[in-house]
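The values are calculated or read from the model by the stated rules, or taken from the named source; none is laboratory data. The model shown is predicted, which means the values in this text are computed figures rather than measured ones. Every residue, glycine as well, gets a Cβ built from its backbone with ideal geometry; the counts of neighbours run over all protein chains shown. Please note that ligands, DNA and RNA were not included when accessible areas were found on the heavy atoms of the full protein model with its side chains. Shrake-Rupley method; radii C 1.70, N 1.55, O 1.52, S 1.80 Å.
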Amino acid sequence: LFGPLLLRIMQVPPEAWDYAVSYVRILFLGTLGNLGYNVNAGILRGVGDSRSTLLFLLISCAVNIVLDLVLVVYCHMDVTGVAIATAIAMFVSWIASIIYIRRRYPELGYEIIPRSMDKAMLRELMRLGFPLGLNQSIYSVGHILMQTLVNAQGSVFMAGCSVAGKVTGLSNVAI
């Protein structure tokens, strides 16, 4: 609902407007998968299993790359295809982590949606999680401000930065 407002604040050029709105709306739907993966990655790291979280990220990256190629090159879906590929990749990592946790750590009694919530535990989680969430929010606002500067340079510059971001992301995975 707030995607177009955010894009206006970010000064998205008119020639990229429709693509940006489509991308943001699809990607925001995919954030549920990202949130689910991050929760499960925290659970896995909590039991000392950080290798699996890396594996799920690699799977997600591979799915994203393959779907980018299929949806953009073969299905000619442009920016919408890229957004769909990213959202699906996020959900794949979440679903894979759910299956893995349930099979590998049955003693955790993992439920996708908890039947009840321990109020004292929830209070403690909020006490610990709020500062971390605030920290991440500040990072995200900084990213939005940086993207606003990129957007002010026009569509060609935006496209170049997007490609550079993908290359950087792939390089970071390789490292």
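Points worth noting:
- Filtered residues of region 1-22 (kept if open to solvent by 70 Å² or more (accessible area, probe 1.4 Å) and not charged (D, E, K, R)): Leu1, Phe2, Leu5, Ile9, Gln11, Pro14, Tyr19
- Residue under evaluation Ile88, criteria (1) open to solvent by 60 Å² or more (accessible area, probe 1.4 Å); (2) over 19 Å from Phe56 (Cα atoms); (3) part of a helix (DSSP H, G or I), criterion not met: (2)
- Meets criteria (part of a helix (DSSP H, G or I) and touching a Ser or Thr at 6+ places or on another chain (Cβ under 8 Å)) for Ala159: no
- All of Tyr105, Tyr110, Tyr100 fail the test of being surrounded by 11 or more Cβ atoms within 10 Å (Cβ to Cβ) and touching a Lys or Arg at 6+ places or on another chain (Cβ under 6 Å), apart from Tyr110.
- Qualifying residue in region 60-80 (condition: over 26 Å from Val156 (Cβ atoms), of a type in the set (A, V, I, L, M) and not in a helix (DSSP H, G or I)): no
- When residues of region 145-168 are limited to those that are surrounded by 12 or more Cβ atoms within 10 Å (Cβ to Cβ) and under 16 Å from the mean Cα position of the chain (by Cα), the one farthest from Thr86 (Cα to Cα): Ser162
- Set side by side, the residues Asp118, Asp78 differ, and just one is open to solvent by 80 Å² or more (accessible area, probe 1.4 Å) and in contact (Cβ under 8 Å) with a residue 24 or more places away in the chain, which is Asp78.
For (1) in contact (Cβ under 8 Å) with a residue 12 or more places away in the chain; (2) surrounded by 14 or more Cβ atoms within 10 Å (Cβ to Cβ), each residue gets a yes or a no:
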| position | (1), (2) |
| --- | --- |
| Phe28 | yes, yes |
| Gly36 | yes, yes |
| Ala41 | yes, yes |
| Gly46 | no, no |
| Arg51 | no, no |
| Leu58 | yes, no |
| Asn64 | yes, yes |
| Asp68 | yes, yes |
| Leu71 | yes, yes |
